[in-house]
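Q: For reference, the structure I am asking about is given below.
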Amino acid sequence: MRGAFKIATLRGIPIRVHYSFLLVLPFLAFLFGQAFRSAALAADIPPERLIGHPMLWGLGLAVALFLSVLIHELAHSFYALRKGGEVSDITLLMIGGVSRITRMPDGPRHEALMALAGPVTSLLLGGLFLGIYVLLEGARSFNLRFAFFYLGSLNIFLGVFNLLPAFPMDGGRVLRALLTGKLGRVRATQTAGAIGKGFALLFGLLGLFGGNFILLIIAFFVFMGAEAESREVLMQSLLNRVLVRELMVPRTSSVSAEDSLEEVATRMQSERRRALPVLDGGRVVGVVTLAAVRQMPAPRRGQVRVREVALPVSELTPRTTAWEALRQMGQRRLPQLPVVEDGLLVGTVTQEDIMRGLELRELEDSQRHGPWGLGPGQRESPT
């Protein structure tokens, strides 16, 4: 995700913070600071007995909220990994967190349980913190009691809010999983997405008339997320029915791992290519991109070998689905991938090749069955 920087790695999952989080942090600190007195009264704690400026409490609580969001997202990711899924990264944004799960666990049941893992974790954390708050009732540590009360309340709110059936939030994903067995994944996503957009409209109206800026932002992201998810699932449904051999270009032009970047630059200019497969001993060992060449200063390109900057890639075969090819290119941020059969380079496939194939397949399906590619009485496989 652009505009994000990595702060840690847990179980191989990069944890990133988006710049929008840094922008909203002071605003959230201000909001929590403004609610400081009423929150203390709700916790049955005299505000004057608490140490520290309300804005410092607000900043601490804002950071605690995003740590709670991180734990929430880790619950999703760890469940996905446990059930054979793949997680690209977790990014903390101004509206919460996003786990980029590049390969979902098989079956709607695991998808529903994965979606529930986050809210259940938040609710358990909230219950734990509120329980500690109750146990500390006889203690004189007002600051500690207040901290546990606020942390518990935030996590309970986080869990309950995410259980709303507003796709693409967790409750919406559970709803989609429950509908998949009856409607198929595409129509289930369409239905859950429409409900999510309805909630987004409701959030927007409440935010507009209530003057709640945060709720307006949430409404925007829920609406856009529902639209994007619906589009992606439809794209996946179509591209899973297309093989790489239908889209690839039978180009076998390549460079050697021992070539210099200067030679690669010349080849790319003459052939109008943004990437070239790299061969070593006749086998594909990676891809060298135009971006890698441009990052190297021109005077040094003659001394740097291709193997030093080549990116390792998973080999596609002509029988690989177009969706898997697109997923790998997106995950690795590559403009193209080599296609290999029996150890030999037989062609390449680019993002443009796949999108062109998608447009043609959409046109073909719309002419035969309508805009969702399904005729009367038909439904796609729920898997």
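Q: If you roll a 1.4 Å probe over the heavy atoms of the protein chains, what accessible area per residue do you get for the chain, in Å²? Before the final figure, lay out the partial values.
A: Numbers: 19460 Å² over 383 residues.
With the other protein chains kept in place, the chain gives 51 Å² per residue.
Q: Expressed in nm to one decimal, what extension gain is obtained for the pair Gln303 and Met355 from 0.36 nm per residue of sequence separation less their Cα-Cα distance?
A: 15.0 nm
Q: OK, next. With charges set only on the Cβ (+1 for Lys and Arg, -1 for Asp and Glu), what does the dipole of the stretch 235-357 come to about its Cα centre, in debye to the nearest 20?
A: Values: 18 positive and 14 negative charges, 78 e Å.
In total the dipole reaches around 380 debye.
Q: Turning to a different aspect of this structure: Just from its helices, what would the mean residue ellipticity at 222 nm be for the chain, if runs of 4 or more DSSP H residues each count -39500 (n - 2.57) and the sum is divided by every residue, rounded to the nearest 500 deg cm²/dmol?
A: -19000 deg cm²/dmol
Q: Here's another thing I want to ask about it. Could you tell me which residue out of Gln331, Pro312, Ile13 lies farthest along the dipole of the chain toward its positive end? Charges go on the beta carbon: Lys and Arg +1, Asp and Glu -1, centred on the Cα centre.
A: Ile13
Q: Over the stretch 1-109, what percent of the accessible surface lies on carbon and sulfur atoms, probe 1.4 Å?
A: On the way: 3530 of 5670 Å².
The C+S portion of the solvent-accessible surface of the stretch 1-109 is 62 percent.
Q: Assign unit charges at the C-beta atoms only (+1 for Lys and Arg, -1 for Asp and Glu), then state the dipole size of the chain relative to its Cα centre in Debye, rounded to the nearest 20.
A: 160 debye
Q: Given points 7 Å out from each Cα along the Cα-Cβ axis, report the Arg11 to Lys83 separation in nanometres with one decimal.
A: Computed distance between label sites Arg11 and Lys83 equals 1.3 nm.
Q: Which one of Ala275, Leu238, Val288 has its Cα pushed farthest toward the positive end of the charge dipole of the stretch 187-300, where Lys and Arg give +1 and Asp and Glu give -1 at the Cβ?
A: Leu238
Q: Could you work out what % of the accessible surface of the stretch 186-261 is carbon and sulfur, using a 1.4 angstrom probe and leaving DNA, RNA and ligands out of the count?
A: 66 percent
Q: Additional query: Calculated FRET efficiency, Leu202 and Ala228, Cβ-Cβ r, R0 25 Å, to nearest 0.05?
A: 0.80
Q: Positive end of the charge dipole of the stretch 1-140 (Lys, Arg +1 and Asp, Glu -1 on Cβ, about the Cα centre): tell me which of Ile45, Pro26, Met55 has its Cα farthest that way.
A: My answer, from the dipole projection, is Pro26.
Q: Here are labelled values, (1) 25.4, 79; (2) 36.9, 132; (3) 21.6, 81, and one is the computed Rg and Dmax of the Cα atoms in Å for what I pasted. Which one?
A: Working out Rg and Dmax of the Cα atoms in Å from the coordinates points to (1).
The values are calculated or read from the model by the stated rules, or taken from the named source; none is laboratory data. All values reported here derive from a predicted model rather than from experimental measurement. Cβ: placed from backbone, ideal geometry, glycine included. Neighbour counts: every protein chain shown. Side chains are part of the model used for accessible areas, which takes the heavy atoms of the whole protein and leaves out ligands, DNA and RNA. Shrake-Rupley method; radii C 1.70, N 1.55, O 1.52, S 1.80 Å.
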